[in-house]
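Structure, as structure tokens:
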Amino acid sequence: MSLYGNRGVHGQTVDTIARRVLSGTLPEGATLDLGELQEELGVSLTALRESLKVLAAKGLVDARQKRGTYVRPRADWNLLDPDVLRWQFSAEADTSLLRSLDEVRGIIEPAAVRLAAARRTDEDLARLDAALEAMSGAGTPRAEVDADLSFHRALLSATHNELLDRMQTVLESALAARDQLVHGTADVSDDPVPSHRAVLDAVRVRDADAAEAAMRALLDKAVTDEERVRPGSDGK
């Protein structure tokens, strides 16, 4: 998942600058004052430049002679990078990213679960059972998030499609941030296990139609959960 954040001075420096870019505090086209940043963050110029190299690799900043280091246009950002997804979730003031995630999941996961129903192995079922058991026994929001990620990761793996399996690297950071938002504030009496169990039961008996229907119901429930915690929502 995330490569940066709370990993010493280097990770914290990358994290801080990235969040400013994603939030718009450092707007597109803005030139970074390296001396000011160095003093504010309390890091060496070498450490600062190394951090900027990380952000440059993710398409957030670039450097040119005479112009210096500047924030690149959003169109150049690697929005599918796991770290960029995580930073954007932290920086977004509105719900546009959640809506985008819902749309992507609605395209990918119902189709993926049909393949999983057709191709799953006993090993795949064991992983899904373990994730569901962890979800059932989760005693904290963090444990519930981890179990949910494990379940959806196992579903993508059960497709036995290498490219779909790699989609977990795209979805996982966004799902983790989304789950932390929902499970950290939603009604704790709302049990996620039945909706996930319905998906697993259909995959187990290789019923692709039922698996797709159960996944669409799960995703509809996810949207409802998000609506309860979105700014301005009355929780209904």
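A few notes on this one:
- Contacts under 6 angstrom Cβ, first residue in segment 77-89 being closer than 15 Å to Ala176 by Cβ, partner in a helix (DSSP H, G or I) and at pLDDT 85 or above, 6 or more apart: Trp87/Ala18; Trp87/Arg19; Trp87/Leu22; Gln88/Leu22
- Among the conditions (1) modelled with pLDDT under 95; (2) open to solvent by less than 60 Å² (accessible area, probe 1.4 Å), the only one that Thr25 does not satisfy is (2).
- Across segment 193-218, the qualifying residues are those that are open to solvent by less than 20 Å² (accessible area, probe 1.4 Å) and in contact with a Lys or Arg (Cβ under 8 Å, 6 or more places away or on another chain), and the one among them that is farthest from Asp102 (Cα to Cα) is Val203.
- Segment 119-142 - residue that is in a helix (DSSP H, G or I) and modelled with pLDDT under 90 and, of those, surrounded by the fewest Cβ atoms within 10 Å (Cβ to Cβ): Arg142
- When residues of segment 67-97 are limited to those that are assigned to a helix (DSSP H, G or I), within 18 Å of Val54 (Cβ to Cβ) and small (Gly, Ala, Ser), the one modelled with the highest pLDDT: Ser90
- Residue match in segment 98-112 (condition: surrounded by 13 or more Cβ atoms within 10 Å (Cβ to Cβ) and outside any helix (DSSP H, G or I)): no
- Which numbered condition Asp165 fails, given (1) touching a Ser or Thr at 6+ places or on another chain (Cβ under 9 Å); (2) in a loop (DSSP other than H, G, I, E, B); (3) closer than 30 Å to Arg206 by Cβ: (2)
- Subset of segment 42-77 (residues that are closer than 15 Å to Gln12 by Cα and β-branched (Val, Ile, Thr)): Val43, Thr46, Val54
- Check on Leu80, open to solvent by 10 Å² or more (accessible area, probe 1.4 Å), within 30 Å of Thr13 (Cα to Cα) and under 27 Å from the mean Cα position of the chain (by Cα): yes
- Counting residues in segment 176-192 that are of a type outside the set (Val, Ile, Thr), at pLDDT 75 or above and part of a helix (DSSP H, G or I) gives zero.
The values are calculated or read from the model by the stated rules, or taken from the named source; none is laboratory data. Every value quoted in this text rests on a predicted model; they were computed, and no experiment measured them. FYI the Cβ positions are ideal-geometry reconstructions off the backbone, even for glycines, and counts take in every protein chain you see. Side chains are part of the model used for accessible areas, which takes the heavy atoms of the whole protein and leaves out ligands, DNA and RNA. Shrake-Rupley method; radii C 1.70, N 1.55, O 1.52, S 1.80 Å.
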